1. So, in the range 341-392, how many residues would count as being of a type in the set (A, V, I, L, M, F, W, C) and in a helix (DSSP H, G or I)?
2. Regarding residue 346, is this residue closer than 24 Å to residue 103 by Cα and β-branched (Val, Ile, Thr)?
3. Output the residue which, of all residues in the range 66-104 that are within 11 Å of the ligand (Cβ to nearest atom) and hydroxyl-bearing (Ser, Thr, Tyr), is most open to solvent (accessible area, probe 1.4 Å).
4. Could you grab me the full set of residues in the range 204-222 that are within 12 Å of residue 65 (Cα to Cα) and assigned to a loop (DSSP other than H, G, I, E, B)?
5. If you take the residues in the range 185-203 that are in a strand (DSSP E or B) and within 20 Å of residue 171 (Cα to Cα), which one is nearest to the ligand (Cβ to nearest atom)?
6. State whether the residues of the range 53-68 include one that is over 24 Å from residue 175 (Cβ atoms) and not hydroxyl-bearing (Ser, Thr, Tyr).
7. When you go through 119, 107 one by one, which is the residue that is free of Cβ contacts under 8 Å to residues at least 60 places away in the same chain, within 16 Å of the ligand (Cβ to nearest atom) and touching a helix residue (DSSP H, G or I) at 6+ places or on another chain (Cβ under 9 Å)?
8. Counting only residues that are assigned to a loop (DSSP other than H, G, I, E, B) and of a type in the set (Asp, Glu), which one in the range 130-179 is least open to solvent (accessible area, probe 1.4 Å)?
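The values are calculated or read from the model by the stated rules, or taken from the named source; none is laboratory data. Computed from a prediction, not measured in an experiment: that's the story for all the values here. Using ideal geometry, Cβ is built from the backbone for each residue, glycine included, and neighbour counts are taken over all protein chains shown. All accessible areas refer to the heavy atoms of the entire protein, side chains included, with ligands and DNA or RNA removed. Shrake-Rupley method; radii C 1.70, N 1.55, O 1.52, S 1.80 Å.
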Amino acid sequence: MTRQIYMDNAATTPIKKEVLDAMMPYFTEKFGNASSVYRVGRESKKALDESREKVAKSIGAKPKEIYFTGGGSEADNWAIKGVAFANRNKGNHIITSKIEHPAVLNTCEYLEKEGFEVTYLDVDEYGLINLDELKNSIKDETILITIMFANNEIGTIQPVKEIGEIAHQKGIYFHTDAVQAIGNVAINVEELNIDMLSLSAHKIYGPKGVGALYIRQGVKVHPYMHGGAQEKSRRAGTENIPGIVGLGKAIELATNNLEEHNSKLLKLRNKLINDVMSKIDYVRLNGHPEKRLPGNVNFSFEFIEGEALLLSLDMVGIAGSSGSACSSGSLDPSHVLMAIGLPHEIAHGSLRLSLGDFNNEEDIDYVVENLGIIVNRLRQMSPLYEKVRGNA
Ligand SMILES: *Cc1c(COP(=O)(O)O)cnc(C)c1O
C-alpha cells in the first residue's frame with residue numbers, strides 16, 4: 001500500500017483521540033436535553049456551560065459572549081446579516097476584502113441584493129489589505145467592517161488590531177473570520193479590538209458541523225434562528241452537546257499547545273518551502289513570507305495544471321489542494337490568487353499544502369521527492385516549458 005500523507009489541514013483536520021473521548025459519553029449515557037431539569041439534562045447543561053467557558057477563555061472573552069453555531073459558515077452568516085439587519089437605521093454600508101472565504105463573500109453579495117452597499121477592498125501581492133484604503137472607504141453609513149484574520153488559501157495574516165482600532169475610532173463594528181487563525185495565532189478579543197469573531201471546530205482537530213460566534217456584549221445583532229430560548233434566544237434549537245463538548249476540548253488543547261504546535265509546524269513549513277524552492281525551478285511561493293499561518297504553504301508551478309498535479313499527487317498517496325479548484329465547476333482560478341495579481345496561467349498551476357499536528361519530517365521528504373518527479377513529468381508534456389528550456 002502507498003503511504004497516505006494528509007496535507008490539507010486547512011480544509012479539515014482529523015479529530016484527536018482526546019476530543020473524541022470527551023464527546024463519546026454525550027452520544028450514549030449522557031444524552032439529556034440541556035433544558036431539562038432532571039439529572040441527565042443537568043449533565044448536558046453542565047457540559048454546555050463548561051465548553052462555553054473554554055471557548056471564552058481561549059479568546060479572552062466572557063462566557064456569556066460565546067454563542068454556539070453549526071460551524072464557521074453559520075457564524076459568518078450570522079455576524080454579517082445579524083449586524084446588517086439590526087443596524088439598518090444607522091446605515092447600509094459594509095466593508096470587506098476581496099479574499100474572504102465564500103461564507104463572507106456570498107453573504108455580502110446577498111446583502112447587496114437586499115439594498116446594502118458593500119466595498120470589497122483590494123489586497124497587495126502578499127494578500128494584505130491597505131489600512132489607508134480601509135480608512136478612506138469608511139462613510140457615514142458604514143456599520144460593519146468584516147476582514148478575515150488569516151486567509152485559508154495563502155495563509156496571510158491581516159493587521160487585525162489596527163483594523164479594529166480604525167473601526168472603533170469611527171464607532172463601526174469589527175467582525176473577523178478567525179476559522180484559520182484559531183489554534184495558530186494567540187487571540188485576545190479585547191487587545192485586538194474585535195467585536196465579533198467566527199470559529200469552527202473541524203479546523204482544530206474537532207468535529208465537523210459545530211462552531212461559535214463571539215459577540216461582544218452590547219453589539220446590536222439580530223437573532224440567527226427563531227424558536228426556543230437556547231443561546232439566549234438568539235440561536236434556537238436543541239444544542240449539539242457532543243459537538244459542543246468536542247469544540248470545547250479541541251479549543252482547549254489548541255490554545256494550551258499553541259507554542260509547541262507553532263514551532264513544530266514552522267520548522268516543517270520552512271523545510272518544505274526551502275526544499276521545494278531549491279529543488280524545483282519555475283516555482284513561486286504565494287502569500288506573505290513572514291505574516292502567514294505556520295502550517296500554510298501555497299506554491300505556483302509554472303507550465304503545470306493544478307488539477308493534474310493534484311491527481312498525480314493523489315496517486316502516490318498525497319492529499320493537497322489546488323488554488324484553481326472551484327466548487328462551482330467553473331474553470332476560473334481562485335479569487336484569492338487573482339486578487340494578489342497572479343496571471344491566470346500561473347494561478348492555474350497552484351498547490352496548497354497545509355500542514356497539521358500529524359505531519360512529520362519524513363512526510364516532507366516524501367512530498368518533496370514526489371513533487372519533483374511529478375512536476376518534471378507534467379512539464380515534459382508542456383510545449384511552453386520545452387520552449388523555455390530550449391532558450392535556456
Ligand atoms: C473552513 C472555513 C470556514 C467555514 O467553516 P465551516 O465550519 O466549514 O462552515 C470559514 N472561513 C474560513 C476562513 C475557513 O477556512
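1. Let us first name the residues in the range 341-392 that are of a type in the set (A, V, I, L, M, F, W, C), namely 342, 346-347, 351, 353, 355, 358, 364, 367-368, 371, 373-375, 378, 381, 384, 388, 392.
In the following step, the residues that additionally are in a helix (DSSP H, G or I) were identified as 346-347, 364, 367-368, 371, 373-375, 378, 384, 388.
Total satisfying the criteria: 12.
2. Details: closer than 24 Å to residue 103 by Cα: no; β-branched (Val, Ile, Thr): yes.
No: the conditions fail for residue 346.
3. Out of the qualifying residues, it is 73.
4. Listed by number, the residues that qualify are 216, 217, 218, 219.
5. Out of the qualifying residues, it is 197.
6. If we filter the range 53-68 for residues that are over 24 Å from residue 175 (Cβ atoms), which is where we start, we get none.
There is no residue in the range 53-68 that is over 24 Å from residue 175 (Cβ atoms) and not hydroxyl-bearing (Ser, Thr, Tyr).
7. Values: 119 fails: within 16 Å of the ligand (Cβ to nearest atom).
The conditions single out 107.
8. Among those that are assigned to a loop (DSSP other than H, G, I, E, B) and of a type in the set (Asp, Glu), it is 153.
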